[in-house]
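Trainee: Once you've had a glance at the structure underneath, I'll fire off some questions.
The values are calculated or read from the model by the stated rules, or taken from the named source; none is laboratory data. All values derive from a computational prediction rather than experimental measurement. Cβ placement follows ideal geometry from the backbone for every residue including glycine, while neighbour counts extend to all protein chains displayed.
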């Protein structure tokens with residue numbers, strides 16, 4: 001009986017996502033074109049001005065300037081994230097910065113654009129909730145003795161003006177929702193340890 005219920009459920013699931021036997025494979029999904037992402041102050045590591053001023057770190061906690069180019073036609077907005085996949089205190093990594101609904105006409109974020117209630121972000125741009133629980137940038141502060149962490153800035157070019165997410169959405173929610181609309185993306189990885 002249990003196998004019959006499982007089979008019926010799976011048949012219904014396949015029908016609901018495109019008909020019997022309609023399975024989308026990763027190879028069938030178009031790959032996003034690459035964006036070029038750069039940070040003029042991040043060429044040789046993570047300067048102290050951009051690291052956290054918390055948890056034993058004494059940095060300036062300013063968000064760095066970022067630039068991107070190569071957005072394809074049809075781009076209507078951008079998302080920018082800073083994520084640390086190497087944070088060992090969290091099994092899911094750590095979101096340091098989440099910015100979304102950046103207008104398509106923008107290709108730069110200024111130094112300190114990520115402050116709480118920033119006036120340096122383009123009009124209409126929002127910041128999502130980081131893993132510190134606030135809607136602002138917070139710089140890296142890896143544990144002493146850890147191998148250098150890979151701080152990953154990702155810029156996504158999207159086919160929508162506004163992401164359908166609630167104010168204060170987490171990095172995971174913003175990125176998961178953005179994935180449905182990605183036209184292109186690019187990464188800048190900066191290693192930092194102490």
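Trainee: Among the residues in segment 2-15, are any at pLDDT below 95, farther than 13 Å from residue 153 by Cα and either in contact with a helix residue (DSSP H, G or I) (Cβ under 9 Å, 6 or more places away or on another chain) or not in a helix (DSSP H, G or I) (or both)?
Mentor: Checked against the condition, which is being at pLDDT below 95, farther than 13 Å from residue 153 by Cα and either in contact with a helix residue (DSSP H, G or I) (Cβ under 9 Å, 6 or more places away or on another chain) or not in a helix (DSSP H, G or I) (or both), segment 2-15 yields no hits at all.
Trainee: Now for a different question. Residues that are touching a helix residue (DSSP H, G or I) at 6+ places or on another chain (Cβ under 9 Å), outside any strand (DSSP E or B), in the same structural domain as residue 39 (by TED's automatic domain parsing) and closer than 18 Å to residue 41 by Cα: does segment 91-112 have at least one?
Mentor: Yes, some residue in segment 91-112 is touching a helix residue (DSSP H, G or I) at 6+ places or on another chain (Cβ under 9 Å), outside any strand (DSSP E or B), in the same structural domain as residue 39 (by TED's automatic domain parsing) and closer than 18 Å to residue 41 by Cα.
Trainee: Taking the criterion of being without any contact (Cβ under 8 Å) to a residue 12 or more places away in the chain and more than 21 Å from residue 70 (Cβ to Cβ), would at least one residue in segment 171-179 satisfy it?
Mentor: Looking for residues that are without any contact (Cβ under 8 Å) to a residue 12 or more places away in the chain and more than 21 Å from residue 70 (Cβ to Cβ), one finds at least one in segment 171-179, hence yes.
Trainee: All but one of (1) surrounded by fewer than 21 Cβ atoms within 10 Å (Cβ to Cβ); (2) in contact with a strand residue (DSSP E or B) (Cβ under 6 Å, 6 or more places away or on another chain); (3) closer than 19 Å to residue 190 by Cβ hold for residue 65; state the number of the condition that does not hold.
Mentor: Here residue 65 clears every test but (2).
Trainee: For segment 128-157, how many residues meet the condition of being part of a loop (DSSP other than H, G, I, E, B) and over 17 Å from residue 185 (Cβ atoms)?
Mentor: Number of matching residues: 19.
Trainee: Related question: Can you say whether residue 91 is surrounded by fewer than 19 Cβ atoms within 10 Å (Cβ to Cβ), under 20 Å from residue 171 (Cβ atoms) and without any contact (Cβ under 8 Å) to a residue 40 or more places away in the chain, as far as the supplied structure shows?
Mentor: yes
Trainee: Related question: Counting only residues that are under 14 Å from the mean Cα position of the chain (by Cα) and crowded, with 22+ Cβ neighbours inside 10 Å, which one in segment 139-162 is nearest to residue 88 (Cα to Cα)?
Mentor: Step by step, filter segment 139-162, then rank; the result is 151.
Trainee: Quick one: how many residues across segment 94-110 are over 22 Å from residue 167 (Cα atoms) and either without any contact (Cβ under 8 Å) to a residue 40 or more places away in the chain or under 11 Å from the mean Cα position of the chain (by Cα) (or both)?
Mentor: Within segment 94-110, residues that are over 22 Å from residue 167 (Cα atoms) and either without any contact (Cβ under 8 Å) to a residue 40 or more places away in the chain or under 11 Å from the mean Cα position of the chain (by Cα) (or both) number 1.
Trainee: Have a look at 160, 175 and point out the one that is farther than 21 Å from residue 42 by Cα, part of a helix (DSSP H, G or I) and in contact with a strand residue (DSSP E or B) (Cβ under 7 Å, 6 or more places away or on another chain).
Mentor: Checking each option against the conditions leaves just 175.
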